[in-house]
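Q: Got a structure for you, questions after.
Bear in mind that the values in this text are calculations on the coordinates, not laboratory data. Just so we're clear, the structure is a prediction, and the values are computed from it rather than from any experiment. Note that we place each Cβ from the backbone using ideal geometry, even for glycine, and neighbour counts take in every protein chain shown.
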Amino acid sequence: MLAPKQMSRLLIVASRDRMAPVVAELYRHHLFHIEEFVEAGAVGYEGFKIGTPLSGAGEASVDLVKIRAIENATSIHGDDIDSAKICTSTELKSRIERELPLLEKEVVDLMVRRSLLDTKVKENEQKIAEIRPFLTVPVDLDLYRGYSGFNVFAGYVAREVKLSVPCEMSYSPGKDKNFIVIVAPAGERSEVERSLQEAAFQPVQIPEESGTPQARIDYYSGEISTMKTEFDEIIKKLEAVRTKHSGFLVACEEFLKAEVEQNEAPLRFATTKQTFVAEGWVPSDRVDAVTADLVKATEGKIYVTVLPIDFEHDSVPVEYNNPSFAKPTQVLMDVYSRPKYTELDPTLMVSIVFPIFFGLILGDVGYGLILLAMSLGLRKFLKGEDGRYLLTVLRNASISSIIFGLLFSEFLGFAIPGLQPILPSRHLMVEHGSHGPMIPDLLILSIWIGVLHISLGRILGIINHARQDHGEHRTKAMLANFGWLAVMWGVLIAIWSIAALPLMPNLTGLPPVVSIVNYGVVIGGVLAVLGILLIARDSVLEVVELPSIISHVLSYARIVAVGFSSVAIAMVVNFISIGMLIQPQLENFSIFSIIVIIAGLVVFLMGHALNTVLGIMGGGLHSIRLHYVEFFTKFYKGGGVKYVPFGMKRRFTED
Amino acid sequence: MAAELVTAVDVVMTVEQIKASQIGMKAIAAALAVGMTGIATGIAEMAIGTAAVGATAENKDTFGLVLLLTVIPETIVIFGLVVALLLLFV
């Protein structure tokens, strides 16, 4: 909690003939984050070379490529398939040897046939396109060829051509282009060509066909339709392969991927002729288990030790360590940046505060229920881990939205009858007995949230600097963070002492020093000046950023503003659909009313659908933005390396 | 004499009219606050959005980050909205 999982740096040394069992054992544990060896002459690694893959790497890779090709052809994706243990590795190995070549041949044959048909269909379509212009000329296609004393011209012209030489001509005017065919004596060729050139002649190739153009087009169309039937059959066969073998194929892929990864692991180790050295990271609480199993697998012929961590130079991989309800929020953290190993991990705070902000913005029972249904319904379609996590975040947010909807007494923009809002009212319409919008209260509430959230950020900033920095810089940075706090609270105290505000402490009653300046103003002023001095001591340039205190705190007013925009849209939709369309028609009912009422219902549904989408965008984006921009900038840097343990989570195979 | 009196009443506004006119001014001010900040946000997001789409086209992983960068200028319109709400309801 609030800190990443503790890691230990593990050094493994053994002779090269023990490499295979060590790799297999590490892979099975799925805990060892390999620190890749680079041949750059690191101290202590002189003379070491990058290892070579284990035997069998080539065959497994070839098989993996085959499997992936089949999966591509039949569009199988492992993510779309529910995980189920299908068979053990030994079973799978024999099945791959037995079934894979046959399956590959079947799929490849189908694919070849499919692409062949595809080309043929295209060829025939091309031929039809070539014959089509000749449809207007009532002559068999073989009559266009084979003359020694005549020339045949066919093509498009811009206007009709008048020839002075004796000839046969067919002219068919079209919409954009006019088609012309001319048969003229060979001796008159140049004369004909000249006249045609004047009419902007574009020649068309005469098809090598015999028979009437219509008959040929019918023939080729028939061919295309038979080919399309065959094409559909192939698609059906591929579909059958997909349904029959998808489980086997994803299991194969997983098994072979594991093989290939294991075989290629030595490429990341440092080796000499006789030995190999692997360095990496293991969660501290699992070091003993991993060590014991490695010793067992190599019958004790191995040296495993924990190295000290050098925080200056080592980039320790970061694995989140959160209680299960905060886990889904890790997705939102990764979007920004993973925390560094030495940094506070704010995931837990985000997982609590994010839904609260979301609920404050979209506090509406109706929308909350819609989003809750959505987040539960979409679970069927999203099978990846990140997608699931996002849906859980949405679920938590929508539950919070329902709770705040009850507190605000809102249901799709209506007031919930008989339920007075507990929080300051957001109802824009003053209805009988209900309160109008309490804007000042709501704004001050949001300012309070901002002040507290930012103060928390600054306190975390002090802790982070205390943990990460050393020497003089550490003190200065910590005091600078305290300075920011002092300026903010100093200004607040001064404001409280000058003006009485709702929902805020009233310090105007303190004994005055000069005119309206009372002790509160003096204390506030002193705090603010002290704060500025502390900030300037760390970095003078930071003083320029002082106005950001006001802009960041005021930025939290978006909680109210965005919330209001959503209430306003809901209210407008309700007014147009019910107040303007449905209600008057119900009072004076006629046949025509039915159409208007249906239109009113459509407006109602579309309007609220739009507002739901805007609600997710507004509620989600603005809450997370308040975290990223206003909260994280106070203490959080991120940039940690993701912990990627060697191995995989097996979904379809057993080890 | 009577005609002059009528003209005088026409020119001088009644208290109700003055109140109504003030409400109208408030509404115009609120509309300007939201409208102009909206335009400003739009202009600011235009440049960021263009770059964001470019960045996402090159590397899809940046989507989350650039989406955030794109919504940063929304603060401007939100301040406008807050000002409008204060004008209308406080």
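Q: Which whole-Hz ³J(HN,Hα) couplings does the stretch B:40-48 yield from phi under the Karplus relation 6.51 cos²θ - 1.76 cosθ + 1.60, θ = phi - 60°, glycine and proline marked x?
A: Couplings: 4, 4, x, 5, 5, 6, 4, 5, 5 Hz.
Q: So if a site counts as exposed when it's one of the GluC sites (Glu not before Pro), its DSSP state isn't H, G, I, E or B, and it has at most 16 other Cβ atoms within 10 Å, what's the longest stretch of chain A without one?
A: Here the longest run is A:432-655.
Q: Give the relative contact order (percent, whole number) for chain A; include only Cα pairs under 8 Å separated by 6+ residues.
A: Normalised by residue count, the contact order of chain A is 22 percent.
Q: So, one more: Take the alpha-carbon centre of the stretch A:122-162, take the same for the stretch A:290-313, and report the distance between them in whole Å.
A: Here the answer is 82 Å between Cα centres.
Q: Something else now. Enumerate the calculated ³J(HN,Hα) couplings along the stretch A:184-195 in order (Karplus 6.51 cos²θ - 1.76 cosθ + 1.60, θ = phi - 60°), each rounded to whole Hz, writing x wherever the residue is Gly or Pro.
A: 9, x, 4, x, 8, 3, 5, 4, 4, 4, 4, 4
Q: Okay, next question. Classify the protein assembly as shown from the C-alpha gyration tensor, please: rounded if a/c falls under 1.5, else prolate or oblate depending on whether a/b exceeds b/c.
A: Because a/c hits 1.5 or more and a/b fails to exceed b/c, the protein assembly as shown counts as oblate.
Q: Which aspartates and glutamates have a Cα lying under 17 Å from the Cα of A:Lys177, excluding residues fewer than 8 positions away in the same chain?
A: Candidates past the 8-residue exclusion: A:Glu130, A:Glu160, A:Glu198.
Q: If one computes the Cα centroid of the stretch A:210-251 and of the stretch B:37-90, what distance in Å separates the two points?
A: 50
Q: Sticking with this structure for a sec: For A:Ile416, which sequence-distant residues (separation of 5 or more, or a different chain) have an amide H within less than 5 Å of its own amide H, given hydrogens modelled in the peptide plane?
A: Distant-sequence amide H within range of A:Ile416: A:Glu410, A:Phe411.
Q: Kindly provide the trypsin sites (Lys or Arg not before Pro) of the stretch A:581-651 that DSSP labels as loop, not H, G, I, E or B, and whose Cβ sees at most 11 other Cβ atoms within 10 Å.
A: A:Lys649
Q: Excluding same-chain residues fewer than 8 positions from A:Lys49, which lysines have a Cα within less than 17 Å of its Cα?
A: Straight-distance partners of A:Lys49: A:Lys273.
Q: By count of other Cβ within 10 Å, fewest leading, how are B:Thr70, A:Thr291, A:Thr347 ordered?
A: So the residues, fewest neighbours to most, are A:Thr291, B:Thr70, A:Thr347.
Q: Nearest 10 degrees, 0 to 90: what angle lies between the long axis of helix A:19-29 and the longest principal axis of chain A (Cα atoms)?
A: Compared with the principal axis, the helix lies near 70 degrees.
Q: Also: Treating cross-link reach as a plain straight distance, find the lysines whose alpha-carbon is under 17 Å from the alpha-carbon of A:Lys642, omitting any fewer than eight places away in the same chain.
A: Counting by Cα, and skipping residues close in sequence, A:Lys642 has these lysines nearby: A:Lys5, A:Lys327, A:Lys340.
Q: Under 1.5 on a/c is rounded, so check that first for the stretch A:439-556, then, if it is not, pick prolate when a/b is larger than b/c and oblate when it is not; a ≥ b ≥ c are the square roots of the alpha carbon gyration tensor eigenvalues.
A: oblate
Q: Just how far, in whole angstrom, is the stretch A:580-655 from the stretch A:1-47 if you go by their alpha carbon centroids?
A: Cα centres, the stretch A:1-47 to the stretch A:580-655: 44 Å.
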